[in-house]
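*Asks:* Attaching a single structure in structure tokens format; questions to follow.
The values are calculated or read from the model by the stated rules, or taken from the named source; none is laboratory data. Just so it is clear, the structure is predicted and the values come from calculations on it, not from any experiment. In this analysis, Cβ positions are derived from the backbone assuming ideal geometry, glycine residues included, and neighbour counts consider all displayed protein chains. Only protein heavy atoms, including side chains, enter the accessible area calculation; ligands, DNA and RNA are left aside. Shrake-Rupley method; radii C 1.70, N 1.55, O 1.52, S 1.80 Å.
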Amino acid sequence: MEIAKDTYIRRRAKLKQDIGSGLLLFLGNDEVGMNYADNTYRFRQDSTFLYFFGLDYAGLAALIDIDADKEIVFGNELTIDDIVWTGKQPSLMEKAKAVGVMDTMPMCELVAYIDKARSRKMPIHFLPPYRGDHKVWLWELLGIEPRAQADKASVPFIKAIVSQRNYKDEEEIRLIEESVDLSTEMHLAAYRTVRPGIHESQVAAAVEEVACRHGNALAFPTIATVQGQVLHNHGFIHDLKEGDIFLLDAGAETKSHYAGDLSSSMPVGERFTERQEAVYNIHLASFRAAVDTLQLGVPFRDAHIAAATKIAEGMKELGLMKGDPAEAAETGAYALFFPCGLGHMVGLDVHNMENLGEQYVGYAEGQVKSKQFGFKSLRLARPLEEGFVFTVEPGIYFIPELMDKWRAEHRFEDFICYSKLDAWRDFTGLRNELNYVMTKDGARLLGTIKKPMTLDEVYAAKKYEL
């Protein structure tokens, strides 16, 4: 399924209406060499360029001249030297017309067009760059040094884009659900593969093969590890042993470039240990508490607090925390065991529009993002609205370095039983993650294929593929 041409036309029309005047600059991505120019990373188009222009080709830029009511795609036609390596492509005009753009120009004319606009004192709106080549490009086009570009990016442009991309229509939700289903298949492959005596890289290979077999890509680098307390562990350096917890965080990006994002935790052997089951059930209770909080108009921060409170309750039952769990959640003491945020927006980016700024994407106007450890990692806190697509992913982690730091600093001694923590230093960590969309009737779980969540479901899914 592809996005319809009329959708791109409608998106650009709304953007022009919201901004009102000036020149809107869209920099597409280009090929980037890994270790020399012709040995490139997998090409991935800029997500905002995709959202408004839908052209999945390297070497393009676009302008929307609001005052002149013109939309222009800039690029160069392929030469025969290009074609022998890449194969034939549509012409630049054919590409543009496919998404409802009637004007094209060679890339060399982009500078002259912008120079003319600058001479007329026309506002030129651009986005904060996240790639080195874009920073150089903006320097050449606008004369703004790279270190100043983020601060001079157009806030009205950012807000106008966020006001569209944050709200998914049925067309987008269907595409995201396709990615979620493929992501679930990736996770089911892990449940069938994980067993004692193999290596993390073998599980990662089985997981990633599912996406590749369907002709799709990864939405982000896979996390597949028995050291789950390292939140972004991409190393694949450990052997799997009986008694380990295996944590997988993996998602597919289908040809539409919409992302799925799921996490799973499973025993390496047939079952968790008794202690692991206890922590897993605490985690599951925190997940359910968060989901029960998801309502239209309710801040996602409330769901985060609900999960944190359940984790604090569970840690108190294990003898690792004390005091009022709700107070432990509000003060931030919970973050010793849950130092990350509950979830984030999902769309064309797995952390949707993170390059535009979390304060615009995940926080409402006037809502202040906390600088406190734990809360500062909450990417989404704003009241939930219809069309939001987001993750729910509480976790429980035992991070020895964090335990030692907090103990040395005497932090939250009214809530944390430091004398009991040494017996848990080797526990590692676990989390589960699912994707939801807010509808007029409340939160709906995305995906038509069920990912194991309860202990019984996890154990039933543990069927080794020899």
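*Asks:* By accessible area of protein heavy atoms, probe 1.4 Å, what ranking do ASP6, ASP169 get, highest first?
*Replies:* Of ASP6, ASP169, the descending order of accessible area is ASP6, ASP169.
*Asks:* FRET efficiency for ILE83 and GLU170, Cβ-Cβ distance as r, R0 = 51 Å, nearest 0.05? Intermediate results must be reported in sequence, preceding the final value.
*Replies:* Numbers: r = 38 Å, r/R0 = 0.75.
The formula returns an efficiency of 0.85 here.
*Asks:* Now for a different question. As I understand it, the value is the acute angle between the Cα axis of helix 300-317 and the longest principal axis of the Cα atoms of the chain; what does it come to in degrees, rounded to 10?
*Replies:* The angle comes out at about 20 degrees.
*Asks:* Related question: Accessible area per residue, 1.4 Å probe, Å², for the range 226-309: what's the number?
*Replies:* Numbers: 3080 Å² over 84 residues.
Dividing the accessible area of the range 226-309 by its residue count gives 37 Å².
*Asks:* Moving on to the next point. Below 8 Å, C-alpha to C-alpha, sequence gap of six or more: please give me the relative contact order for the chain in percent. Display every interim value, and only then the final one.
*Replies:* Numbers: 880 pairs, mean separation 66.0, N = 466.
For the chain, the relative contact order is 14 percent.
*Asks:* Students sometimes get this wrong: rank VAL84, VAL268, VAL32 by accessible area, probe 1.4 Å, all chains present, largest first. Could you put the intermediate results ahead of the total?
*Replies:* Details: VAL84 105, VAL268 0, VAL32 55 Å².
From most accessible down to least: VAL84, VAL32, VAL268.
*Asks:* Please compare each pair in LYS168/LYS376; LYS5/LYS70; LYS371/LYS451; LYS5/LYS451 to a cut-off of 28 Å on the Cα-Cα distance and tell me which ones are over it. Walk me through the numbers on the way to the answer.
*Replies:* Numbers: LYS168/LYS376 26 Å; LYS5/LYS70 17 Å; LYS371/LYS451 34 Å; LYS5/LYS451 34 Å.
Table pairs above 28 Å Cα-Cα are LYS371/LYS451; LYS5/LYS451.
*Asks:* Compute the angle between helix 200-213 and the longest alpha-carbon principal axis of the chain, please, reported from 0 to 90 degrees and rounded to the nearest 10.
*Replies:* 40 degrees
*Asks:* What's the percent breakdown of Cα-Cα distances in the range 321-387 across 5 Å bins, shortest bin first?
*Replies:* Whole-percent P(r) values from 0 Å outward: 4, 16, 23, 22, 16, 11, 5, 2, 0.
*Asks:* Counting Lys +1, Arg +1, Asp -1, Glu -1, what net charge surrounds MET315 among other residues with beta carbon under 11 Å of its beta carbon? The partial results should precede the final answer.
*Replies:* Numbers: positive: LYS310, LYS316, LYS322, LYS420; negative: GLU313, GLU317.
After counting each charged neighbour, the total is +2.
*Asks:* Work out the length of the dipole vector of the range 1-104 about its Cα centre, built from +1 on the beta-carbon of each Lys and Arg and -1 on the beta-carbon of each Asp and Glu, and round it to the nearest 20 debye. Present the calculation step by step, with values, prior to reporting the outcome.
*Replies:* Numbers: 12 positive and 17 negative charges, 88 e Å.
In debye, rounded to 20, the range 1-104 gives about 420.
*Asks:* Using unit Cβ charges (K, R positive; D, E negative) and no other charged atoms, how large, in debye to the nearest 20, is the dipole of the range 4-62 about its Cα centre?
*Replies:* Values: 8 positive and 7 negative charges, 83 e Å.
About 400 debye.
*Asks:* Next question. Enumerate the calculated ³J(HN,Hα) couplings along the range 142-150 in order (Karplus 6.51 cos²θ - 1.76 cosθ + 1.60, θ = phi - 60°), each rounded to whole Hz, writing x wherever the residue is Gly or Pro.
*Replies:* Rounded to whole hertz, the list is 10, x, 9, 5, x, 5, 9, 5, 4.
*Asks:* Another question, then. Once every DSSP H run of n ≥ 4 in the chain is given -39500 (n - 2.57) and the sum is divided by its residues, what mean residue ellipticity at 222 nm do you get, rounded to the nearest 500 deg cm²/dmol? Present the calculation step by step, with values, prior to reporting the outcome.
*Replies:* Values: 16 runs with 179 residues, N = 466.
One gets -11500 deg cm²/dmol as the mean residue ellipticity at 222 nm.
*Asks:* Quick one: compute the contact order of the range 114-241, relative version, from alpha carbon pairs under 8 angstrom and 6+ residues apart, as a percent.
*Replies:* Working: 105 pairs, mean separation 22.7, N = 128.
Answer for the range 114-241 is 18 percent.
*Asks:* Which of the three applies to the range 360-466, rounded, prolate or oblate, going by the alpha-carbon gyration tensor with a ≥ b ≥ c and a/c under 1.5 meaning rounded?
*Replies:* Judged from the Cα gyration tensor, the range 360-466 comes out oblate (a/c at least 1.5, b/c at or above a/b).
*Asks:* Right, next: Beyond 31 Å between alpha-carbons counts as too far, so tell me which of LYS310/LYS440; LYS88/LYS152; LYS95/LYS135 fall in that bin. Don't skip to the end; give the middle numbers.
*Replies:* Numbers: LYS310/LYS440 27 Å; LYS88/LYS152 39 Å; LYS95/LYS135 26 Å.
Beyond 31 Å between Cα atoms: LYS88/LYS152.
*Asks:* Indicate the gyration tensor shape class of the range 332-371 (rounded, prolate or oblate), computed on the Cα atoms with a ≥ b ≥ c the square roots of the eigenvalues: a/c under 1.5 is rounded; otherwise a/b larger than b/c is prolate and the rest oblate.
*Replies:* Values: a/c = 3.03, a/b = 1.43, b/c = 2.12.
Taking the square roots of the gyration eigenvalues as a ≥ b ≥ c, the range 332-371 is oblate.
*Asks:* Ok, one more. Based on Cα coordinates alone, diagonalise the gyration tensor for the range 148-243, multiply each eigenvalue by 5, take square roots, and list the semi-axes in whole Å, largest first. Display every interim value, and only then the final one.
*Replies:* Working: eigenvalues 245, 78, 22 Å².
Equivalent-ellipsoid dimensions as semi-axes: 35, 20, 11 Å.
*Asks:* Against the longest principal axis of the chain, how steep is helix 155-165, in degrees 0 to 90 to the nearest 10, with axes from Cα atoms?
*Replies:* On a 0 to 90 degree scale, this one is about 70.
*Asks:* If you rank CYS340, CYS212 by how much accessible surface each has, with a 1.4 Å probe, what is the order from largest down? Each step should come with its number before you reach the end.
*Replies:* Values: CYS340 25, CYS212 95 Å².
From most exposed to least exposed: CYS212, CYS340.
*Asks:* Taking 0.36 nm per intervening residue step and subtracting the Cα-Cα distance, what contour gain separates ASP422 from ASN39 on full extension?
*Replies:* On the way: separation 383, 0.36 × 383 = 137.88 nm, distance 4.82 nm.
Going from the current span to full extension adds 133.1 nm.
*Asks:* If you compute Cα extents along the principal axes in Å for the structure shown, which of (1) 79, 54, 47; (2) 67, 56, 44; (3) 69, 52, 44 do you land on?
*Replies:* Calculated Cα extents along the principal axes in Å: the matching label is (3).
*Asks:* What is the distance in Å between the Cα centroid of the range 19-54 and that of the range 294-309?
*Replies:* 35 Å
*Asks:* From Cα coordinates alone, what are the radius of gyration and Dmax values for the range 1-96 in angstrom?
*Replies:* 15.1, 44
*Asks:* Determine the distance separating the Cα centre of the range 355-413 from the Cα centre of the range 215-255; give it in Å without decimals.
*Replies:* So the separation of the two Cα centres works out to 22 Å.
*Asks:* Then there is this: Based on alpha-carbon positions alone, could you give the equivalent ellipsoid semi-axes of the range 89-128 from the gyration tensor, as √(5λ), descending, whole Å?
*Replies:* Working: eigenvalues 123, 29, 17 Å².
So the three semi-axes of the range 89-128 are 25, 12, 9 Å.
*Asks:* If you place +1 on the Cβ of every Lys and Arg, -1 on the Cβ of every Asp and Glu, and leave all else neutral, what size is the dipole of the range 30-74 about its Cα centre, to the nearest 20 Debye?
*Replies:* On the way: 3 positive and 9 negative charges, 48 e Å.
Taking the Cα centre of the range 30-74 as origin, the dipole is about 240 debye.
*Asks:* Which of the aspartates and glutamates could a cross-linker span from LYS369 if the Cα-Cα distance has to be under 15 Å and same-chain partners fewer than 8 positions apart are dropped?
*Replies:* Partners within reach: ASP302, GLU330, GLU354, GLU358.
*Asks:* Mind running the shape call on the range 43-187? Use the C-alpha gyration tensor, a ≥ b ≥ c as the square roots of the eigenvalues: rounded below 1.5 for a/c, prolate if a/b tops b/c, oblate otherwise. List each step's numbers first, then the result.
*Replies:* Details: a/c = 1.66, a/b = 1.21, b/c = 1.37.
Oblate shape, in that a/c is at least 1.5 and b/c is the bigger or equal ratio.
*Asks:* Select from VAL101, GLN89, THR7 the residue farthest towards the positive end of the dipole of the range 1-126; place +1 on Cβ of Lys and Arg, -1 on Cβ of Asp and Glu, and compute about the Cα centre.
*Replies:* Checking the options against the dipole of the range 1-126, the answer is THR7.
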